[in-house]
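Engineer: Quick one: structure below, then a few questions.
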Amino acid sequence: MASVPSEPRPVLGRLDRTGRLVSADPELEALQREAGSSLGQPLALPQIAAVVELARKLRSPVSRPALAASMDHDIELWVQARPDGDDIALSLENWTVRAPAGPRLAAILGGGEAETGAARNEWAADEELRIISLSPDLGELLGVDPGEVAGQALTRIVRLEEYEAGEMPLISALAARRGFAGQHARSRVDESRSVVLAGEVVTGADGAFAGFRGTVQPNSSQDPAPQARPAAFDHALDEVLRSPLDQIIESAERIVDRADGPLRSDYASYGNDIAAAARHLLSVLTSMNDRPAAAQRSVDLAALAGEAIVMLDKPAEERKVTIAPEGTGALLANGEERGVIQILVNLIGNAIRHSPEGGTVRLQFAQNAGTVSVAVHDDGQGIADADQLRIFERFERADDREGGTGLGLAISRRLARSMGGDVTLESTPGEGARFTLTLPSA
């Protein structure tokens, strides 16, 4: 019977290029044997094997939670898989014994109903909703190969369905770092395959949020997503956050104006940065609740772009990316100030992330009949034609290897359209991308 290490130490192992476990500490070897395999044979622990395969695909170290089944208990552990030449070096830490989740191998050997040992319709994803593992029966239910989808975004496998008001249990759970249930979805392979997802939070070795582990049930009735709106962003919490942010903005603006006496110019400049960042936080807060949108008024698109650039100085500096506004005279638009700043932070931040080190992000302003616009260009790899519509959907990214939840562009377009404008994309693979925010002229 496999047991946890007697001392809090990593349990080590190594897999060759074909996935065979070629060396292992005694605890890992015992798990391998209880799963019906042995040293020199393919790793027979599905969730650990999925982490290994993900590290092999990404060609970089991967750390994920996993669950392994012993004969009479389950073991939660933290898996670290690191490419080492053609091999994968494996380290298993934080072993925690928990009650078994289903029929045990001992019962199977004793003549019980045959089982594969894998839990039914189980899935696991990391903090960016990338697939860690799918059980074989869930792969069959969704029409996908569990091995091939490891490392892909969950939303490449299923299309999440919204509540009537546009809410999704999974996005609420992701934001709040809590479990969820009742997330309706459809297989991307076959839209007729309707399912309902549930998940519980998984934490990493340091106690931080590390993703979800859960189950999927067939939606045999084909019922649509529930029409009742989930609980909205709590207004009391909104007020608790909004009041101190307003005070921060007021105090920072007093620093900028030197209202309390003489102050060095660079310190006054810091005050402007603080005020700009706090205003952006307020815009994010506003987009999270269900308050009516703030009244639109005349705003200077070029000036708000300047505020967004200030907020992104640090990530641009880290990547040695230059942000170059072109033609920055006053450009008056009809819009909501905080919403415009949030859109610009999303667009310029994306451009910085996708630009090569030492590249340039260019901002071009224009005024046409009835509209004003700012176009954000980057020098990145560009976006394939097949992805140019998809990336404006919630949870979607052009490249699953990129970080983030895939919400920024969806939120940006929604905000722009609520102000009578839009966010559009032009891109040729290999030649960068151009995202344009267009708003009505003031």
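The values are calculated or read from the model by the stated rules, or taken from the named source; none is laboratory data. Bear in mind that the values here come from a model prediction, so they are computed numbers and not experimental data. Note that each Cβ is placed from the backbone with ideal geometry, even for glycine, and that neighbours are counted across all protein chains shown. Heavy atoms of the whole protein, side chains included, go into the accessibility calculation; ligands, DNA and RNA do not. Shrake-Rupley method; radii C 1.70, N 1.55, O 1.52, S 1.80 Å.
Engineer: Being closer than 22 Å to V149 by Cβ and part of a loop (DSSP other than H, G, I, E, B) is the filter here; which residues of region 36-64 pass it?
Structural biologist: Within region 36-64, L43, A44, L45, R59, S60, P61 meet the criteria.
Here is a yes/no grid of residues against (1) more than 27 Å from the chain's Cα centre (by Cα); (2) without any contact (Cβ under 8 Å) to a residue 24 or more places away in the chain:
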| site | (1), (2) |
| --- | --- |
| A302 | yes, no |
| L312 | no, no |
| E318 | no, yes |
| N368 | yes, yes |
| D379 | no, no |
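Engineer: Here's something else I'd like to know. Of all the helices (runs of 4 or more DSSP H) wholly in region 250-347, which have at least 1 residues that are basic (K, R) and at pLDDT 55 or above? I'd like the intermediate steps shown before the answer.
Structural biologist: Numbers: elements: 265-288, 301-311, 313-318.
Where helices (runs of 4 or more DSSP H) fall fully within region 250-347 and carry at least 1 residues being basic (K, R) and at pLDDT 55 or above, they are 265-288, 313-318.
Engineer: Count, please, the residues in region 175-194 that happen to be in contact with a Leu (Cβ under 7 Å, 6 or more places away or on another chain) and not aromatic (F, W, Y).
Structural biologist: Residues in region 175-194 being in contact with a Leu (Cβ under 7 Å, 6 or more places away or on another chain) and not aromatic (F, W, Y): 5 in total.
Engineer: Name the residues in region 5-38 that are open to solvent by 30 Å² or more (accessible area, probe 1.4 Å) and among the hydroxyl-bearing types (S, T, Y), would you?
Structural biologist: Correct list: S6, T18, S23, S38.
Engineer: Turning to a different aspect of this structure: A153: open to solvent by 10 Å² or more (accessible area, probe 1.4 Å), among the aliphatic types (A, V, I, L, M) and at pLDDT below 85, yes or no?
Structural biologist: When the stated conditions are applied, A153 does not pass them.
Engineer: Can you tell me which residue is least open to solvent (accessible area, probe 1.4 Å) among those in region 50-69 that are more than 18 Å from A210 (Cβ to Cβ) and out of contact with any helix residue (DSSP H, G or I) (no Cβ under 9 Å at 6 or more places or on another chain)?
Structural biologist: R56
Engineer: Within region 348-387, how many residues are at pLDDT 90 or above, over 20 Å from D422 (Cα atoms) and assigned to a helix (DSSP H, G or I)?
Structural biologist: Total meeting the criteria: 1.
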